[in-house]
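A quick write-up on the structure given underneath.
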Amino acid sequence: LVLILDFGSQYTQLITRRVRQLGVLSLCVSGTAPLSSLTGLRPRAVILSGGPHSVHASGAPSFPEGFLDFAAEAGAHVLGVCYGMQLLVQSLGGAVEAGERQEYGDMEVETTATSSALYGENGVGNRQSVWMSHGDEVVRLPQGFEVVARSVQGAIAAIEHREKRFYGLQYHPEVTHSTQGKETLRRFLFDVCGIKADWKIQDVLDEEIKNIKSMVGTDEHVICALSGGVDSTVAATLVHNAIGDRLHCVFVDNGLLRYKEKERVMSTFNSDLHLPVTCIDASEQFLSKLKGVKDPEMKRKIVGKEFIAVFDEFAHMLEQQTGKRPEYLVQGTLYPDVIESCPPPGSGMTHSHTIKSHHNVGGLPEDMKLKLIEPLKLLFKDEVRKLGSILNIPESFLKRHPFPGPGLAVRIPSGDVTEGNALEVLRQADEIYVQAIRDAGLYDTIWQAFAVLLPVETVGVQGDQRTYGYPVILKAITSEDGMTADWYYFERKFLADVSNRICNNVRGVNRVCLEITSKPPATVEWE
Ligand code: XMP
């Protein structure tokens, strides 16, 4: 096990992923978590992440007292990255000062030691490009430490104390800009710490199935809210493997789904996955509650509340049928959701610092008093897709673009979604656009694509007639995880074709526009 202590760097998750990509299980915990929360863990390596602070700032986060003794007792090697290195140096009696030079972005560093744990033998003079991002720098090393690399400007870039098993990198080896960063992490884990690459997704599957079998009693029924997305589908399929048809999946048609979404998703569930799914048509219920509502947050809250109502009713019905109230709810929570729910230490940010209240059916359990089964809660999205493959979920399904819980309600910004035929117009335009992307072979290259309908009337001329119609916005992004995103650059011909097809086939649209904003400053959804 590799333990990653998070001090608030935007790259902490990336460290966790890089370690897993090397075949080693890594877990990320808050850097300031009490020592008692680590009881029972015996990491072979600990990585202290970077962070936005200066070690001298008041309230700068630090590992709990006794942490270095805990690491030593476990026999762990400790690697500090950026802020993590400065923290290590400071707590061992070295000195960190505000640097005369600030180093941000691509830099060159040069190995200065003939023999080094992090860089191997005979590396003196080797140069590599790395990604730096620091204002402070280490100016005096604690006793017994050695400098093994410096930036070309002379700042200390890498240090080690082999006997005590302490190492530090001033740059970020986890980002791809650090050209040899992955190799340095590989050397640290395998050669220095002696860890074996034996973590496989199949192990997660076997272990989770075993856990679920022992947790859920043999007469227990479990419910699962299926959104039609990858995460809930993989979670449901895994739990179905463990407990069979005592799993009851529910797919809710909330009236905010895409074109033929219900039919497509139900057909995959029934024919390909053989999952026991009940489809509940609650579209009237949702839409009547949304009538007249234009406020974005309000829409999200209403959708969340109605989901709870539908599931409560389903749980009640199941109780009548089986004589026992279901106690468990399956959720497709992923690891980033778990990490994000603990704000970066010292950031002064709480999770209530909400940009928009995301919810899928994930908002359910508190009110429903159900216990949670979250078999994916240690996995990243790409790992979930691999797990889905092992579970024989069709590739085409696993590659589906994300779709938000509140559905098309958040794609008619500041509009009453029940007004006129806005929802239907949006469905048709979106279908033409996404189908064109599939036909052009671009679906898998693009991370997410969809149409947005602006609920305003604009003037057009169609068939010599003056028309009033809605503008439709086309959006397509590339991204790793939806946290940041760039807009996708289509060829002119593709855009011209789609624009023509939408205006010619979707009654009510006389204008097609393209979004060319990254995230940030925009978010992916328009509200
Ligand atoms: P934003 O709009 O926050 O979106 O930049 C990032 C990613 O999350 C999806 N999204 C949601 N997913 N429930 C969900 O399950 C939600 O309420 C929700 N809002 C946004 C969005 O489609 C994008 O992939």
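Read the figures in this text as sums done on the coordinates, not as results from a lab. Model, not experiment: these values are computed from the prediction. Please note: Cβ atoms are built from the backbone with ideal geometry, for glycine as well, and neighbour counts cover all protein chains shown.
Look at the dipole of the chain built from charges on Cβ: of Leu273, Ser499, Ser214, the Cα furthest out on the positive end belongs to Ser499. Give me the base-10 log of I(q)/I(0) for the chain at each q in 0.13 Å⁻¹, Debye formula, one uniform scatterer per Cα, rounded to two decimals. Debye output, listed in q order: -1.26.
Which net charge results when you count Lys and Arg as +1 and Asp and Glu as -1 among the other residues whose beta-carbon is under 14 Å from that of Glu100? Its environment carries a net charge of -3. Indicate the gyration tensor shape class of region 90-237 (rounded, prolate or oblate), computed on the Cα atoms with a ≥ b ≥ c the square roots of the eigenvalues: a/c under 1.5 is rounded; otherwise a/b larger than b/c is prolate and the rest oblate. Prolate. Under a model in which nothing but the beta-carbon of Lys, Arg (+1) and Asp, Glu (-1) is charged, the chain shows a dipole of about 480 debye around its Cα centre. Of all complete DSSP H helices in the chain, those with a Cα span along the helix axis of 15 Å or greater and a mean Kyte-Doolittle hydropathy of 0.0 or more are 230-243. Residues whose amide H comes within less than 5 Å of that of Ile4, counting only those at least five positions distant or on another chain, are Leu27, Cys28, Val29, Ile47 (H built at 1.01 Å from N in the peptide plane). Where does the charge balance sit around Gly144 when Lys and Arg score +1, Asp and Glu -1, over other residues with C-beta under 15 Å from its C-beta? Result for the neighbourhood of Gly144: +1. Note on Asp198 and Gln153: with the Förster distance fixed at 45 Å, the Cβ-Cβ geometry gives a FRET efficiency of about 0.65. Remark: for residue pairs Lys493/Lys519; Lys210/Lys386; Lys291/Lys369, the C-alpha separation exceeds 23 Å in Lys493/Lys519; Lys291/Lys369. On the basis of the beta-carbon distance and an R0 of 25 Å, Leu495 and Lys260 show a calculated FRET efficiency of 0.55. With a cut-off of 13 Å on the backbone N, the residues of region 296-318 near the modelled label site 7 Å out from Gln285 along Cα-Cβ are 303-318.
Net charge in the neighbourhood of Ile4 (other residues with Cβ under 14 Å of its Cβ; Lys, Arg +1, Asp, Glu -1) is +2.
Each helix, a run of at least 4 DSSP H residues, gives -39500 (n - 2.57); summed and divided by the residues of the chain, these come to -9000 deg cm²/dmol at 222 nm.
Extending 7 Å from the Cα toward the beta-carbon at both Asp481 and Thr523 defines two label points whose distance is 1.8 nm. Could you name the lysines whose alpha carbon sits less than 19 Å from that of Lys213, not counting residues in the same chain fewer than 8 places away? Within reach: Lys324, Lys371, Lys377.
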